[in-house]
Each structure stands twice: as structure tokens, then as C-alpha cells.
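The values are calculated or read from the model by the stated rules, or taken from the named source; none is laboratory data. What you are looking at is a predicted structure, and each value in this text was computed from that prediction instead of being measured. So basically every Cβ, Gly included, is an ideal-geometry build from the backbone, and we count neighbours across all protein chains shown.
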Amino acid sequence: MEVVIVAGPVEVGAFAAGRIAEIVAAKPEAVLGVATGSSPLETYRALAARRDAGLDLSRVSAFALDEYVGIAHDHPESYHAVVDREVVQPLGLDAARVRVPNGLAADLDAAADDYEAQIAAAGGVDVQLLGIGGNGHIGFNEPTSSLASRTRVKTLAPATREANARFFDSLDQVPMHCLTQGLGTILDAKRALLVAQGASKAHAIAQIVEGPVSSMWPGSVLQLHRHATIVIDEAAASELTLTDYYRYTVEHRGVVQPGA
Ligand code: F6R
């Protein structure tokens, strides 16, 4: 696991966008995994700036991590609408290549299986962008989610509904259920890139980076990923123990001495 500590939220977004841009430059038809919520917004802003500077994202495909169940796709807080507003439009993606789980399906289990099949048919996700909940969830894999889980229906934890109430007029309006990629689905992405900013994420970051792999802190499953990068600002890093080591590894990246 690579841990990159930068000054603040803008630098988190700039670093993550740089990583994604490298992948797209090498593979213009890359498959991106996209997250919603506040955490990735600076990354999308930085990617939009790179697009203005010439980065072509028109051939990439994208798969959203999750969607609420029972919310109209044109509701402004549905993840269909959020992905269109925050990702597709500013980055100039081709909407026909962007998928979001169908939380309105009559058969949600079939919709979940179909989503897995669509990801597989696209050749898998090249880079999965992730945020993290204060309780350690990634996607909407709440604590005690199976580490091997696939896309499925989950009940949102009360803490998650409370955190997301800021996007709705009241807590009552926050859906109770979602369709989310599983932890096993996320692990299948070729690269994972988790971004977090602010002190409210510091405890979860410390748990998933330096704690044991445990379904109690679902993001800790990234310790099992071969190419996971955690990009955090100083505040989100404030409960980590090995910060000097993470800074040291970043300083010495790319200067491996033969025989060392
Ligand atoms: C959203 C998602 C969630 C969020 C997490 C953090 O697609 O999968 O895991 O990343 O709830 O949300 P924010 O960034 O709003 O704090």
C-alpha cells in the first residue's frame, strides 16, 4: 500500500488526477471506476483542468461504485445525476460509455449481477477512485461487509444516512438501501486510488492503513490489493503512526539503487 501525504484538499485532487491522467495517456480507452460524494470532487476539478489543457477523456469508460435504491435517475442526488453533473459533463466523457447501477430495477439482484457482467465485458476497471466513510466504508460496503462481496443490495448504516443527509432536505429523504460494488469487486480493479481530506476521516484512515484487515473497517481490504494508493491531506493523516516513513518513501521513490 502506497501512502501519499500532501498539504490539503486541492493537492489531494491534483495528485490523484495526475495518476489518472497517466493511466489515460497510456491507454485512451481506459476504464475508470468513479466515486461520488465530496471526497473526489477536487480530483474531478483537477481532471477537468487537465482536459482544458488537452487531456482527451472522450474514449474512456466509467463505472460508478454505487447508487441509491428507489431514487429517480433524474433526482439531483441520484448517483446517475451526480455522475453526469460532476464527472461526465466536466470531463467530457461519452455518456454512452458510463454506467451506474440501476437502483430502480424491479429485480435488484439481477441488476447487481448484470453490473458485474458489464464490468467484466469492459475488461475490468483500470483505476478505481474511492472515498471513505467515517466508519471505514468504501463504496457502500458498511462495516461487517464480506471482504469477498460482489455488487449487491446493502442497507445503509445510520451513520452513513446521517452523513449524506446534507445532500437532501431531511434525513427521512435519504434512501435506506443501495446497490454497491462489493469489496471483492473493488479488489479486482487493476489499481485502487483512495482520496480523503480532513480530520473527520483521520480515524478511518489510521484503521484501514495501519490496523488489521477486518470487515469492521471495510477499507482495510485495500491492504490485500497489489496496487492501492491512499492520497490524504495532513488532517486526514493526523492519526497515522508511520507518517515519517510514508514521507520518506515518497522522497526516495524512483531512486532504487541496484543491489540496495
Ligand atoms: C460514494 C461512495 C462512498 C463515499 C463515502 C465518503 O460513491 O462510494 O464510499 O466515498 O461515503 O463520502 P464523502 O466523500 O462525501 O465524505
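The table for this structure:
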quantity	calculated
Criterion: out of contact with any Asp or Glu (no Cβ under 8 Å at 6 or more places or on another chain) and under 19 Å from V4 (Cβ atoms) - qualifying residue of G131, G136, G198, G184	G131
Residue in the range 208-224 that is within 14 Å of the chain's Cα centre (by Cα) and of a type in the set (A, V, I, L, M, F, W, C) present	yes
Selection within the range 106-132 - outside any helix (DSSP H, G or I) and in contact (Cβ under 8 Å) with a residue 12 or more places away in the chain	A122, G123, G124, V125, D126, V127, Q128, L129, L130, G131, I132
Residue in the range 189-199 that is modelled with pLDDT of 95 or more, among the polar types (S, T, N, Q) and farther than 24 Å from T155 by Cα present	yes
In the range 133-168, the residues that are within 18 Å of I186 (Cβ to Cβ), touching a residue at least 60 places away in the same chain (Cβ under 8 Å) and in a loop (DSSP other than H, G, I, E, B)	G133, N135, G136, H137, G139, F140, E142, P143, T144, S145, S146, L147
Residue ID - surrounded by the fewest Cβ atoms within 10 Å (Cβ to Cβ), chosen from residues in the range 27-50 that are in a helix (DSSP H, G or I) and within 13 Å of the ligand (Cβ to nearest atom)	L41
Test: residue in the range 111-126 that is over 14 Å from the mean Cα position of the chain (by Cα) and farther than 22 Å from A189 by Cα	no
Output for the range 51-70, where each listed residue is of a type outside the set (F, W, Y) and within 16 Å of the ligand (Cβ to nearest atom)	A62, A64, L65, D66, E67, V69
